[in-house]
Amino acid sequence: SDSSKIQIKPNVYSWRNIAVGNAFNASYNYKRELDSHMMKNTEWGAVSYLQHSKYGRCTDGLCEEITKNNNSSYITGYAKISTSSTNESTNLGIDGAETKNYLNSLSVFASTTGNYSGIYDLSGGSLEYVMGVSGSLSSGNAEIAENIDAKYYDVYREAEDFMSYQYRILGDAIGELGPFLNFTSSWYSDYANFVKRNNSWITRGGNWYYDEPSGAFAFISGTGEMNVGNSFRLVLSI
């Protein structure tokens, strides 16, 4: 939870294998003067909707899906180029026909705006824990304090299954994505696996080795524990 370790850069390994509690503490203590905090699920939803608008990847009513970061080493800023194959072996850790790094101009297809000014890695890369929890902050094994300000997290009604989409919070880019079929939404066929008891924490974006189900609108339940494929994202506000 050492906030001095935080850096927001392309072409670096993402910070993974960190529990929700430590991710929250590192984010919170990063820049208090800018109200730094770990991204809430509703904040992720806001970013997702902005990229799906004229301020993001939509022109004349036609919208493009964010290209997936398919770098198998979890390096930030990569973009999958070829869609000719879904074989996992095509998810390269270096430049190749299937992927381009941030320094290549083709990487902008993985940006929320289609240029370098946008936000990267909302699709693929690593799964990202957000501050959205079913039940309470003590749910699961997140190792997070109970006395944090309520403005820094979203609380969802505790459910018994992964399909309780009706418990969503308006604007979080979950319940609005239906109809749902086989744990995918009608928006780009992204993963749609809602939180429930014992899988209480929301992760977003998908992983590099997912193919079609990764995306800015993907959501998957998690335990809140450390996982080699899970990272997080922070927010600064003024």
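The values are calculated or read from the model by the stated rules, or taken from the named source; none is laboratory data. All of these numbers come straight from a predicted model, not from anything done at the bench. Cβ placement follows ideal geometry from the backbone for every residue including glycine, while neighbour counts extend to all protein chains displayed. All accessible areas refer to the heavy atoms of the entire protein, side chains included, with ligands and DNA or RNA removed. Shrake-Rupley method; radii C 1.70, N 1.55, O 1.52, S 1.80 Å.
Here are a few things to note about the model shown:
- Stretching the chain fully between Ser1 and Ser237 yields a gain of 82.9 nm (0.36 nm per residue, less the alpha carbon separation).
- Other-chain or far-sequence residues with amide H under 5 Å of Gly206's (modelled H): Gly124, Glu128, Gly215
- Long-range amide H partners of Asn193 with built H, under 5 Å: Phe219, Ile220, Ser221
- Considering only Val20, Ala159, Asn104, the residue lying farthest towards the positive end of the dipole of the chain is Asn104, judged by Cα position with unit charges set on Cβ.
- With a Förster radius of 30 Å applied to the C-beta separation of Ile119 and Arg197, the computed FRET efficiency comes to 0.40.
- Residue-normalised accessible area of the chain, expressed per residue, 1.4 Å probe, Å²: 46 Å²
- For the range 147-238, GluC sites (Glu not before Pro) are listed when DSSP marks them as loop and at most 14 other Cβ atoms sit within 10 Å of their Cβ; the list is Glu160.
- Net dipole in debye of the chain [+1 Lys, Arg Cβ; -1 Asp, Glu Cβ; about Cα centre; nearest 20]: 360 debye
- A full extension of the chain between Ser136 and Ala150 corresponds to an added length of 3.9 nm, given 0.36 nm per residue minus the alpha carbon distance.
- Here Thr76 sits with roughly 20 square angstrom of accessible surface, probe radius 1.4 Å.
- Check: the range 121-238 dipole with +1 on Lys, Arg Cβ and -1 on Asp, Glu Cβ, in debye: 140 debye
- Close Lys-Lys pairs in the chain, where close means Cα under 29 Å and separation is 8 or more or interchain: 29
- Across Gly77, Gly175, Gly124, mean-square fluctuation computed from a Gaussian network of the chain (C-alpha pairs under 10 Å connected) peaks at Gly175.
- Split the accessible area of the chain by element, probe 1.4 Å, and carbon with sulfur accounts for 51%.
- When the square roots of the Cα gyration tensor eigenvalues are ordered a ≥ b ≥ c, the ratio a/c for the range 5-60 is 1.5 or more and a/b exceeds b/c, which makes its shape prolate.
- Beta-bridge orientation, the range 95-200: approximately 60 percent antiparallel, per DSSP, counting only bridges with both partners inside.
- When the residues Ser136, Ser126 are ordered by accessible surface, computed with a 1.4 Å probe over the protein chains alone, the sequence from largest down reads Ser136, Ser126.
- With each label modelled as a point 7 angstrom along the Cα→C-beta vector, the Lys31-Met226 pair spans 2.8 nm.
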